Amino acid sequence: MAVHRSLRDGALVLELDNPPVNALSPDVLVDLVAAIDAGEADSAVRAFVLAGRNGIFSGGADIRWFGKAPPPGAPLLPDVIARIEASPKPFVAAIEGTAFGGGLEIALACDRRIASPRAKVALPEINLGLLPGAGGTQRLPRAAGNAAALRIILSGAPVKAAEAQQLGIVDAVESGDLLAAALASATSGPAGRTRLSERAVAAEPEAFAQARAQLAPIDKGGLAAHRCADAIEAATTLPFEAGLQRERELFMELLASEQSKSRIHAFFAQREAAKVPDVPADTPVAAVRTVCVVGAGTMGTGIAMALANGGLTVHVVEAAEDALARGRALIEKNYAASARKGRFTEAAVAERLSRIHFGTDLAVAAHADLVIEAVFEELDIKREVFAKLEAICRPDAILASNTSTLDIDAIAAGSSRAGDIVGLHFFSPANVMKLLEIVRGTHTSAHAIATSLALAKTIAKIAVVARTCDGFIANRMLAPYGRETMYLVEEGAAPQDVDRVMERFGFPMGPFRMYDLAGLDVGWRIRKRRLAEGRFATLREPEIGDRLCEIGRFGQKTGAGIYRYDENRTPLPDPQVEALIVAESARLGITRRPVSDEEILNRCILALVNEGAKELEDGTAIRPGDIDIAWLYGFGFPVYRGGPMHYADTLGLARVRDELNALAERHGEHWRPAPLIEQLAARGGRFAELQAYEAKAPAWT
Ligand code: 3H9
């Protein structure tokens, strides 16, 4: 039974029960209509109260059913809402927890809404590339006015109960017994129906023009936002029923769009990524309250802030007093900037700062549940730190390295507690970027992985689990992508052309601007190390970045890199760099030629996809969706394109294979499609159909 019925004080209480979030699946809707039919036919029932079990009202329509035909006889959500609206008996919604999407739309069709103080309401469909398609765009402006409706629907952000009451979205906030209050309202409230659909709403064309002016262009992920605005405006220009009809048409347009399919893919991929096949859901998780961060550089300080923001106590340890003072000043400066921008209140900043302690004595690590080493990216230095930590830390502490490329097995080699050692690769700036790559060594225990996944949730990071290798999921793909951007420039493209094409594709920042921001010296150092280790013998490493570093152009930090920067940090093409690039082409014997936008896009994206496929083949990534999540939240791949592997599926893998083969003919064997792409393309398959570790399951100890 997905809807429980109970008659109380003359009202039929209908409780949604479809764990975990009471999604409005066909089963729930069938039960709901049956319960309404029964309640209407029963003269003992004077009114209905709608509520949810599982601590939540409803997370909305069941997204898993989108694009599928509902089972025969199952009503659609808009039909159920029309049924509620048409009923002669009043409905009161008792909103406990969350009423999102279709959940709020059902509540808006009720006569009154009573919420618990901790309740939150939202119409977050825009995050799925959709619009509220069950009356939300028509009823919300009637409840809260156009400005609030535009703000809530276009942001998709939750509104807390108190604000929802101020805006007229809920009628009352009840801190006592919510159900009793809803029952009282249902049975002794105004007789007859009070329908939002009967309310007038003002036409305010200038409010809509203003809102539209702020939206992303339709072809850059803004399709849903524009259609949301269109649907809300229809509420102000059309009678209610015609407005609903318009909303439906626009919803169907969005549902069929690639932007929505990609965002829905990202929604599920994000949740799937937290599931690791051989780390069962009941794996014991250590309670992490105190973390020691070793290193107070850019990464260490960013990580400390991310942890403090998540409510944890942090000890930042740095060997030298002056480096520690610099780290402390950096944290204070960053928090002060956040307070100035209104991201945190002064009080919240003070509270966060009070949770971060600074010191030069590593002995403090003895108090930590988890230690994150964020020292220089050199294997020997890291191993030295781990050796010290092993002697200091509690036997049950987890020992993590924030390495971005080094092999976790090499870091753990010789350790007596390799099971406790895990990679926690934060992305810079660590207090801002959403991704946390959890890197699993051959001996890393399930307990360490499960604890790391739980930590990610506590500090609001999106986690993916990668097997250890050079670069893990995200940076390993960055290597061929980065090489390709440089090859393109050696062949004749300008860096600003490559940036323009990739930004047009949807990256917030083109690769060359990103290199300048991250610092060209970082790649320079990694390349020198790899060359010293004798790697990349088969593939030529582009040297443009090295030439720039040799003349002190490290990027934004030195005021110049690929670009030069004016006082507003605007990147400007620089004739000195153009000359350097032309000289580099000449040195390599390359005759420069015009490179089309299409070629730039193709080579950059296909370099990612081919490496991603290889990561699946050797078990670095568990599933294609994890790779997508790493690139969406680590490097800003446009979410409305779903990530590199999803995007490859939309291109079609036969086309991907053919284009890779064509590139191999022209540019060398390293372009040959990964065998996984060959196999999938040959059977007309897609990455999306691969199960976890279907391509290759590594052997763990
Ligand atoms: C809509 O309503 C359309 C209508 O306007 C028009 C229709 C015609 N459906 O996030 P969590 C699953 S569109 C199906 O980890 P939390 C989720 O996949 C909908 N499944 O929990 C996960 O599954 P699993 C508008 C859903 O406590 C599990 O529930 N609504 C749905 O951190 C737990 O999820 C939204 O966009 C769903 N609607 O957060 C709300 N929601 O355990 C989307 C969740 O197998 N949902 N699941 O991995 C959310 O924002 C959060 O899930 C919520 C709970 C805040 C509700």
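The values are calculated or read from the model by the stated rules, or taken from the named source; none is laboratory data. Source: prediction; values computed, not measured. With ideal geometry, Cβ positions are generated from the backbone for all residues, glycine too; neighbour counts draw on all protein chains shown. Ligands, DNA and RNA are excluded from the accessible area calculation, which covers all protein heavy atoms including side chains. Shrake-Rupley method; radii C 1.70, N 1.55, O 1.52, S 1.80 Å.
Quick notes
- A single member of 143, 134, 182, 186 is surrounded by 16 or more Cβ atoms within 10 Å (Cβ to Cβ), on the phi < 0 side of the Ramachandran plot and free of Cβ contacts under 8 Å to residues at least 60 places away in the same chain, and it is 143.
- Members of segment 236-258 that are outside any loop (DSSP other than H, G, I, E, B) and either of a type in the set (Phe, Trp, Tyr) or within 27 Å of the chain's Cα centre (by Cα) (or both): 240, 250, 251, 252, 253, 254, 255, 258
- Candidates 175, 188 - the one that is within 15 Å of residue 116 (Cβ to Cβ) and more than 16 Å from the ligand (Cβ to nearest atom): 175
- Scanning segment 234-253 turns up one or more residues that are within 30 Å of residue 502 (Cβ to Cβ) and open to solvent by 60 Å² or more (accessible area, probe 1.4 Å).
- For the criterion of being hydrophobic (A, V, I, L, M, F, W, C) and over 30 Å from residue 368 (Cβ atoms), residue 303 fails.
- Looking across 202, 157, 191, one residue alone is in a loop (DSSP other than H, G, I, E, B), farther than 30 Å from residue 46 by Cα and at pLDDT below 95. It is 202.
- Screening residue 30 with (1) away from the ligand (no atom under 14 Å from the Cβ); (2) modelled with pLDDT under 95 gives one miss only, at (2).
- When 601, 616 are checked against the criterion of being touching a residue at least 60 places away in the same chain (Cβ under 8 Å), open to solvent by less than 50 Å² (accessible area, probe 1.4 Å) and within 24 Å of residue 462 (Cα to Cα), 616 stands alone in meeting it.
- Count of segment 112-127 residues, restricted to those that are within 11 Å of the ligand (Cβ to nearest atom) and outside any strand (DSSP E or B), is 5.
- Residue ID - most open to solvent (accessible area, probe 1.4 Å), chosen from residues in segment 566-584 that are in contact with a strand residue (DSSP E or B) (Cβ under 9 Å, 6 or more places away or on another chain) and within 16 Å of residue 485 (Cβ to Cβ): 573
- Set 343, 271: member being modelled with pLDDT of 95 or more, open to solvent by 40 Å² or more (accessible area, probe 1.4 Å) and within 21 Å of the chain's Cα centre (by Cα): 271
- Residue in segment 539-546 that is closer than 29 Å to residue 506 by Cβ, surrounded by fewer than 18 Cβ atoms within 10 Å (Cβ to Cβ) and modelled with pLDDT under 95 present: yes
- Any chance residue 359 is among the small types (Gly, Ala, Ser), modelled with pLDDT of 95 or more and assigned by TED's automatic domain parsing to the domain that holds residue 404: yes
- Restricting attention to segment 501-519, the residues that are open to solvent by less than 10 Å² (accessible area, probe 1.4 Å), assigned to a helix (DSSP H, G or I) and either hydroxyl-bearing (Ser, Thr, Tyr) or closer than 19 Å to residue 565 by Cα (or both) total 3.
- Among the residues of segment 349-365, the ones that are of a type in the set (Val, Ile, Thr), open to solvent by less than 50 Å² (accessible area, probe 1.4 Å) and in contact (Cβ under 8 Å) with a residue 24 or more places away in the chain come to 2 in all.
- Residues in segment 318-340 that are open to solvent by 10 Å² or more (accessible area, probe 1.4 Å) and touching a residue at least 12 places away in the same chain (Cβ under 8 Å): 318, 319, 320, 321, 323, 324, 326, 328, 330, 332, 334, 336.
- Enumeration of residues in segment 213-225 that are part of a helix (DSSP H, G or I) and within 22 Å of the chain's Cα centre (by Cα): 218, 219, 220, 223, 224, 225
- Filtered by the rule that a residue be among the β-branched types (Val, Ile, Thr) and more than 13 Å from the ligand (Cβ to nearest atom), segment 45-82 gives 45, 49.
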